[in-house]
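Below you'll find the structure, written out as structure tokens, and then a few comments.
The values are calculated or read from the model by the stated rules, or taken from the named source; none is laboratory data. What you see is a predicted model; the values in this text were computed from it and never measured. As a convention, Cβ positions derive from the backbone with ideal geometry for all residues, glycine included, and neighbour counts pool all protein chains shown. Just the protein is used for accessible areas: all its heavy atoms, side chains included, with ligands, DNA and RNA removed. Shrake-Rupley method; radii C 1.70, N 1.55, O 1.52, S 1.80 Å.
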Amino acid sequence: MADLKRLFGNSPPAAKLCLVLWAILCFAGCSFPAAPSARDTVSDSTPANARVFRMNLGSEPPNLDPPRVTDLTSFNVVQNLMRGLTQFDARQQVVPAVAERWTVSPDGKVYTFYIHPKARWSDGKPVTANDFVYAWQRALDPALGAEYAFFLHDIVNAKAWNEGKLKDPRQLGIRALNLRTLQVTLNRPVAFFPSLLASPVALPVRQDVVARNGAKWTEAGRMVTNGPYRLAEWIHEQRIVLTPDPDWFLAQPKVARVEMLMVTDANTSVVMYENDELDFIETTTSIPPFEVRRLQHRPDAHRLAIHRNEYVGFNTRQPPFNQVKVRQAFAHAIDRSLFPTLLQSGQQPLASLITPGLVGYNPKRGLMFNPQRAKQLLAEAGYPQGKGFPSVSLSYRTSFGGRREAEILQFLWKKHLGVDVNLKNMEWKVLLSQLKQNPPPMYRLGWYVDYPDADSFMTLFIRDNGNNYTGWHDPRYDRWVRQAAETSDGTTRVRLYDQAQHLLLERDTAIAPLYVGEKLYLHKPHVCGLVINRLNLMMLDALQVGADLCSKS
């Protein structure tokens, strides 16, 4: 990116923006990897006239063991194989799933769930309350290391068991009153508790299946599921095949199979879609940012605003980002207006953590673009005009869009701070592994809300959250986020979230948000019943494939 600075010279601002756009577009046009043959990635056992739905996952799912799932790729597979007590509908409202209904005590602390009598596992056995008791005890077991275990911490004694301070899981506030009745007792009222139970960490798991197969229980031929689909095939790094479960008691998919391919190059995905080798593509995995402009006006194109915050995270315990002024300088040097201009994929600049449409969203929160302040802060940290600044890298997930975003950030930090930042692309599983074991000094991540509440964003940076890779925590932040979850008063929640965001984003600057995204997806006219909501969850329950079926729907 040093050449970009040379190109700029003393050009006026408008010319500079044009030059940035020209440079990024040039890189986009010149650096595509060689595309593999599209036909090499398609199952050769699929009849041409079968009711098959073909999509691209973009990468190998890191894990299909529900409590170990932390990423959207894995979740989009698991949520169609398994189903919890609750689920989200197309309007991201929580609705019954395996639980046909539930009741709540007057004090809001005791939930009683009634398992649907028709709920079955894929081997024909009934789903019972005991399956949830075992699954939640397992998810909270510290030996498992489930990063989302904190979702269940409001259950009596759950946090103590998860932290190894309690030795008997029978003391958890989880009881099977009988085979079809599950009672859960909380430490405090949590208004959105049923929403948490749609997450992977709260899905049921069969104890006998895990005992029999160990860590390989999620492989095809061994995995026993309770959702609308069964895991028919998993050829690692190539494809996953799902087939409908005939015993699924809710909306029945009308497909023969779902083929989830693992095509890492988004350009190849677009070619496959246009060659009728894929039935669905979307911007998360399968549409490069620079293709959005061409594809967005097609009759088979659809747009959807999603609750996802893209951000840069700092390892606050590792030099040079253990200095708050360095982190603040890097945040102030980010011109977020360049992302929608250069990526052209519906990005909306965002400096706050909470996205528009959720209680607590405040467009004035976060550090705004201020290059003069950025230079001043870096000088105060001991690096005037970037002199003497140590070599640092920005780690990001290998993808076309990820590379383009990283290049924009690299350019901005060089232009406004005089700092050379190296770019380090990593496969998704490798990046996740490093974040968990030894977080890099600076990294690019995004976060989809797991449930339609600002709490899903805010709890990401509490001390107990396994996805908080910043090394930062503040007891006041944790306390305010917890208090916000306990109240239904909107004004109080906004005040508490404002205070918490000030600590996270402005005073300590553990992260620097970039933008909130808009999803573009395309599907063939012979596909219908596909549900995608603002949580970016893809539900295939009522999926239908076939012009004869879709013309009637």
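May I ask you to give the solvent-accessible area per residue for the chain, in square angstrom, as obtained with a 1.4 angstrom probe?
Solvent-accessible surface per residue comes out at 40 Å².
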**OP:** Report, to the nearest 10°, how far helix 371-380 tilts away from the longest principal axis of the Cα atoms in the chain, using its own Cα long axis and a range of 0 to 90°.
**Re:** 90 degrees
Subject >> Using alpha-carbon coordinates, inclination of helix 490-501 to the longest axis of the chain, degrees >> reply: 50 degrees
**OP:** Could you size up the charge dipole of region 75-192 around its Cα centre, putting +1 on the beta carbon of Lys and Arg and -1 on that of Asp and Glu, and report it in debye to the nearest 20?
**Re:** 240 debye
Original post:
Remind me, relative contact order of the chain in percent, using alpha carbon pairs under 8 angstrom and six or more residues apart?
Top reply: 18 percent
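Give me Rg/Rg_expected for region 377-523, where Rg uses Cα atoms only and Rg_expected = 2.2 N^0.38 Å with N residues.
On the way: Rg = 17.5 Å, N = 147, 2.2 N^0.38 = 14.7 Å.
Rounded to two decimals, the normalised Rg is 1.19.
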Original post:
For Arg188 and Ser391, what does the FRET efficiency come to when R0 = 45 Å and r is the distance between their Cβ atoms, rounded to the nearest 0.05?
Top reply: 0.45
Original post:
Which trypsin sites (Lys or Arg not before Pro) does region 400-467 hold that lie in a coil by DSSP with at most 12 other beta carbons within 10 Å?
Top reply: Arg463
**OP:** Would you work out which of Tyr311, Leu144, Gln207 lies farthest towards the positive end of the dipole of the chain, given +1 charges on the beta-carbon of Lys and Arg and -1 on that of Asp and Glu, about the Cα centre?
**Re:** Tyr311
Subject >> Solvent-accessible area, 1.4 Å probe, carbon plus sulfur percent, for region 389-502 >> reply: 45 percent
Subject >> Positive-pole candidate from Gln183, Ala329, Ala99, dipole of the chain, charges at beta carbon >> reply: Ala329
Subject >> Extension gain from Gln376 to Leu304, taking 0.36 nm per residue of separation minus the Cα-Cα distance >> reply: 21.9 nm
Original post:
Given 0.36 nm per residue, what is the gain on full extension from Ser551 to Arg463 after removing their alpha carbon distance, in nm?
Top reply: 26.5 nm
Original post:
Rule-of-thumb check for region 487-553: C-alpha Rg over 2.2 N^0.38 Å?
Top reply: 1.89
Original post:
Cβ under 10 Å from Gly108's Cβ, Gly108 left aside: what net charge do those residues give with Lys, Arg +1 and Asp, Glu -1?
Top reply: 0
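Could you give the dipole magnitude of the chain about its Cα centre, charging the beta-carbon of Lys and Arg +1 and that of Asp and Glu -1, in debye to the nearest 20? Walk me through the intermediate numbers first.
On the way: 64 positive and 52 negative charges, 218 e Å.
It works out to roughly 1040 debye.
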Original post:
Put +1 on the Cβ of each Lys and Arg and -1 on the Cβ of each Asp and Glu in the chain; which of Met458, Pro244, Cys528 then has its Cα farthest toward the positive end of the dipole?
Top reply: Met458
Subject >> Those trypsin sites (Lys or Arg not before Pro) in region 132-174 that DSSP places in a loop and that have at most 11 other beta carbons within 10 Å >> reply: Lys165, Lys167
Original post:
What's the angle, to the nearest 10 degrees (0 to 90), between helix 400-417's Cα axis and the longest principal axis of the chain?
Top reply: 40 degrees
**OP:** Count charges around Gly490 for me, please; just the other residues with Cβ under 14 Å from its Cβ, Lys/Arg as +1, Asp/Glu as -1.
**Re:** -3
Original post:
Considering only DSSP beta bridges whose two residues both sit in the chain, what percent are antiparallel, to the nearest 5?
Top reply: 80 percent
Subject >> Stokes-Einstein translational diffusion, the chain - Kirkwood Rh over all Cα pairs, 1.567 mPa s, 4 °C, in µm²/s >> reply: 52 µm²/s
**OP:** Keeping every protein chain in place, order Glu233, Glu274, Glu310 by accessible area at 1.4 Å, biggest value first, i.e. largest first.
**Re:** Glu274, Glu233, Glu310
Original post:
What relative contact order, as a whole-number percentage, does region 262-354 give when Cα pairs under 8 Å and 6 or more residues apart are counted?
Top reply: 22 percent
**OP:** First select every other residue whose beta carbon is under 14 angstrom from the beta carbon of Val392; then total the charges, Lys and Arg +1, Asp and Glu -1.
**Re:** +3
